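To keep things clear, I will list the structure first and then write my remarks on it.
Bear in mind that the values in this text are calculations on the coordinates, not laboratory data. All figures in this text were calculated on a predicted structure; none of them were measured in a lab. Every residue, glycine among them, receives a Cβ derived from its backbone with ideal geometry; neighbour counts consider all protein chains shown.
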Amino acid sequence: MAKLIKNGRIVSDDWQIVLLGEDGRAEDLALPAGKVIVPLSVWQAQREPIAARQGEIAVWLDGSDDPAQIVADLAALPLVAIRFPKFTDGRGYSSAALLRTRYGYTGELRAIGEVLRDQFQAFTRCGFDALQPAQDRYTDEQLERALASLGDFSAPYQRSVTETEPLFRRQQRGLAA
Amino acid sequence: MYRYDAYDQRNVDERVAQFRDQTHRYLAGELSEDEYRPLRLQNGLYIQRQAPMLRIAIPYGNLSSTQLRKLAAITRKYDKGYGHFSTRQNLQLNWPALENVPEILAELATVQMHAIQTSGNCIRNVTSDPFAGVAGDEIIDPRPWCEILRQWSSFHPEFTHLPRKFKIAVNGAEHDRAVIQAHDIGLDLVKNAEGAIGFRVLVGGGLGRTPVIGKEISPFVPWQHLLTYCESILRVYNRHGRRDNLYKARIKILVNALGIEEFRRQVEEEWIHHKDGPGTLTVDEVHRIADHFDDPAYATLPADDLGFEQKRVENKPFAAWVKRNVRSHKQPGYAAVVLSLKKTGVAPGDITAEQMDLVADWADAHAFGELRVTHEQNLVLADVKKSDLFALWQKARDAGLATPNIGLLTDIICCPGGDFCNLANAKSIPIAEAIQRRFDDLDYLYDIGELELNISGCMNACGHHHVGHIGVLGVDKNGSEWYQVTIGGDQGNDAAIGKVIGRAFAAAEMPDVIAKLIETYIDNRHEDERFVDTVRRIGLDPFKTRVYGEQQTQRKVVNG
Ligand code: SF4
């Protein structure tokens, strides 16, 4: 089973991520059995079969997918994933922040794709509570060590999803270093 | 200047630890080249032609003497005993070993310095006016706002992987000395009719491959909303800026594609959600930061210093230096001094460790222990008593830092170019030197008057060639180095992009080309008209005719 970091701890995970091939048609994709995370296009194209398997089907968004498109579905979704096709593609940070703040999503928000430890803290600060590194990217031992990256910065300046106020409101500043 | 509190210090210390670990993992093979690249870039570390290059942040160009001494020590210990001030008010080291960079950052952190976000696709070092706080035409001191922006932009979790780099500049004076019109966000501090402080906000300016002058997105954003407004711009850009093509990824391309009205609409729509929220600045926080920029303890002095005036009459070289390198100051009896890093034979912006130590000493003796770096790649001692000027000039002259050429043709802005930079099409430093040698007659230089000559080794325009009165751009033609010339560019309030005069030139032709441009100007100028004013009035044709008309025969020879 795949490894997942959930709320700062390593857990096993049985969700399966489904990608749509370049020529694949969203309406034709056969949904595998078990718990699956499907692309937004499939989610939109197969509403009925998906509704029949409530709780088993989740959706993932690409950087270009506007999270506003799933606002009406949020209550029914067991989890929402945001895919980082490349770790340098930073759109998903904004999507996550929007889901958490503007759209009030409180369920599991998972980063998938090129999820690297040096992005961990930025992910969690933008509202991800689940981080799923690419398959085989880290050994178990490396993943254990990678948890340290969640705490790289202990007093960030900005407000974010996890720190709702900027440092200057959270702390009394100005005391000498 | 700003001094760190315990939180600022903790942030830079934690950054050092983070980068030490990243570099360790890279060297151990746990991080691939591709994975390490953005991480090292966000700490200013490039892999260059000769060796790595480390770009150290000098926030809005402010430095203390202690920091400068530390930089000198670092260049001695880890480099070749010199550094290079860039056009973004930063310091670049050309020869550090990659393994040593974490240690260099640790040393920097001991003097409240870092290399955070000096490169990479993130919000870069905020730049500003080197005469902030002392200029007579200042409306509002930009430095506290720069520091507020520095803190907000450091490790902003949402904006660490933008489509492309993002540069912010702040101006608070009548005359813009921060080139705000050529930045992704340009902030102009203004007071509205009620006397409230706010920002006129420009967006989408930039040089590089597609030079664009920034467009006004808001005439007045009240100061409380500075960060939420910037955040809204950044979010729209992060989500919608192009990521498919490196050359079309800057915000200026998005702004042009949407049109400023639509871009503004999207930003304002976003802003509704942030405005008046917890990101809103507080009076307390602004005061806390502004307190760091209070005036130093100026002495009460008469406006004129008799000894200084006398020396000026007696000593011609001193008078020339005062005329070119000394600026007026808001405080009676004080002046701001520009130390020229444009001595002929030295790469523009380069400074040795010995010179750094000396400048630090002068800053302590004459300028309250502080100095500034200009985007023209010179240094400024901002608060010098007029009565100290003669002594300071003597020391600076002996150290090779008193070339009286500020604002003149030989005060060339020049990027490192092909001698150091991987991206270069052509060398730029030797071109600068050849031009400086050609114009070594000071009287002629003074007669030519104010002239900005800017050289970039490639389209990335680190040498700001587009906004030079004369701009020189290195281009590659079938693998050899050529130079394209533009004229009529300008920075400041009348910022303009220069126009190309025609086909490119070989390196050896460049001094002649510049000489012909200057001759054309001298033949045509009206009284009190600068080179760029003449270009504006008479257009490009007379310059082209002079340069190309006379060149046809010569060219045959050049090309054999
Ligand atoms: S303008 Fe080009 S050659 Fe010059 S420093 Fe920038 S990237 Fe390098």
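Could you order the peptides A:68-80, B:507-519, B:120-132 from most to least packed, using the average number of other C-beta atoms within 10 Å per residue?
Result, highest mean first: B:120-132, B:507-519, A:68-80.
With a Förster radius of 25 Å applied to the beta-carbon distance between B:ASN256 and B:ASN460, the computed FRET efficiency rounds to 0.85. All Cα-Cα distances of chain B, cut into 20 Å bins from zero to the largest, leave 21, 56, 22, 1 percent in each bin in turn. Above 26 Å, the calculated P(r) of region B:134-293 contains 23 percent of its Cα-Cα pairs.
Scalar couplings 3J(HN,Hα) for region B:308-317, obtained by applying the Karplus form with A = 6.51, B = -1.76, C = 1.60 to θ = phi - 60°, are 4, 4, 5, 4, 5, 6, 6, 10, 5, x Hz; x denotes Gly and Pro. Rounded to the nearest Hz, the phi-derived 3J(HN,Hα) couplings of region B:503-510 under the Karplus curve 6.51 cos²θ - 1.76 cosθ + 1.60 (θ = phi - 60°) are 4, 7, 10, 6, 3, 5, 7, 4, where x marks glycine and proline. Measuring against 21 Å, Cα to Cα, the residue pairs B:LYS165/B:LYS343; B:LYS77/B:LYS342; B:LYS167/B:LYS252; B:LYS343/B:LYS499; B:LYS323/B:LYS386 contain B:LYS165/B:LYS343; B:LYS77/B:LYS342; B:LYS343/B:LYS499 as the ones spanning a longer distance.
Here's how it looks for B:VAL475: its modeled amide H is under 5 Å from those of B:TRP482, B:TYR483, B:GLN484, which are all 5 or more places away or on a different chain. Residues of region B:130-150 falling in the label zone of B:SER328, defined by backbone nitrogen less than 17 Å from a point 7 Å along Cα to beta-carbon, are B:131-140. The lysines whose alpha-carbon is closer than 16 Å to the alpha-carbon of A:LYS35, local same-chain residues fewer than 8 away aside, are A:LYS3.
If the reach is capped at under 14 angstrom between alpha carbons, list the aspartates and glutamates near B:LYS275, excluding any in the same chain fewer than eight residues apart. Correct list for B:LYS275: A:GLU165, B:GLU231.
Expressed to the nearest 5 percent, the antiparallel share of DSSP beta bridges inside the protein assembly as shown is 65 percent. In a simple Cβ point-charge model (Lys, Arg +1; Asp, Glu -1; nothing else charged), region B:6-109 has a dipole of about 500 debye relative to its Cα centre. Residues B:MET459, A:MET1, B:MET356, B:MET113, ranked from the fewest to the most other C-beta atoms within 10 Å, line up as A:MET1, B:MET459, B:MET113, B:MET356. Mean separation of Cα pairs under 8 Å and 6 or more residues apart, divided by the residue count, gives region B:414-559 a relative contact order of 18 percent. Beta bridges per DSSP, both residues in chain B: antiparallel share near 80 percent.
Amide H to amide H, with H built 1.01 Å from N, A:ALA2 comes under 5 Å of A:ASP13, counting only residues 5 or more places away or on other chains. Each DSSP beta bridge with both residues in region A:3-170 is either parallel or antiparallel, and the antiparallel ones are about 25%.
Over all other residues within a Cβ to Cβ distance under 11 Å of B:ILE233, the charged ones net out to -2, with Lys and Arg as +1 and Asp and Glu as -1.
Over region B:6-109, what is the relative contact order in whole percent, taking alpha-carbon pairs under 8 Å and six or more residues apart?
Values: 111 pairs, mean separation 31.1, N = 104.
Relative contact order comes out at 30 percent.
Computed on chain B, with alpha-carbon pairs under 8 angstrom and 6+ residues apart, the relative contact order is 12 percent. Amide H contacts of A:ILE82 (H built 1.01 Å from N, in plane; Pro and chain starts excluded): A:LEU61, A:ARG110, A:ALA111, A:ILE112 sit under 5 Å, all sequence-distant by 5 or more or on other chains.
Calculate, in nm to one decimal, what B:ASP13 and B:ASP476 gain on full extension: separation in residues at 0.36 nm each, minus their alpha carbon distance.
Working it through step by step, the gained length comes to 162.4 nm.
Rounded to the nearest Hz, the phi-derived 3J(HN,Hα) couplings of region B:264-274 under the Karplus curve 6.51 cos²θ - 1.76 cosθ + 1.60 (θ = phi - 60°) are 4, 4, 5, 5, 5, 5, 5, 5, 3, 7, 9, where x marks glycine and proline. Measuring from each cysteine beta-carbon in the protein assembly as shown, the ones with no other cysteine beta-carbon under 4.7 angstrom are A:CYS126, B:CYS122, B:CYS146, B:CYS230, B:CYS414, B:CYS421, B:CYS458.
At full extension, B:GLU529 and B:THR210 could sit 111.9 nm farther apart than now, given 0.36 nm per residue minus the alpha carbon distance. For the peptide B:330-343, the mean number of other protein chain Cβ atoms found within 10 angstrom of a residue's Cβ is 0. If R0 is 45 Å, the Cβ-Cβ spacing of B:HIS24 and B:ASP284 corresponds to a FRET efficiency of close to 0.65.
Hey, what's the Cα Rg ratio for region B:111-224 versus the globular rule of thumb, 2.2 N^0.38 Å?
Scaled against compact globular proteins, the figure is 1.07.
A compact globular protein would have a Cα radius of gyration near 2.2 N^0.38 Å; the ratio found for the protein assembly as shown is 1.02. Applying 1/(1 + (r/R0)^6) with r as the Cβ-Cβ distance of A:ALA52 and B:ASN245 and R0 = 41 angstrom yields a FRET efficiency of 0.45.
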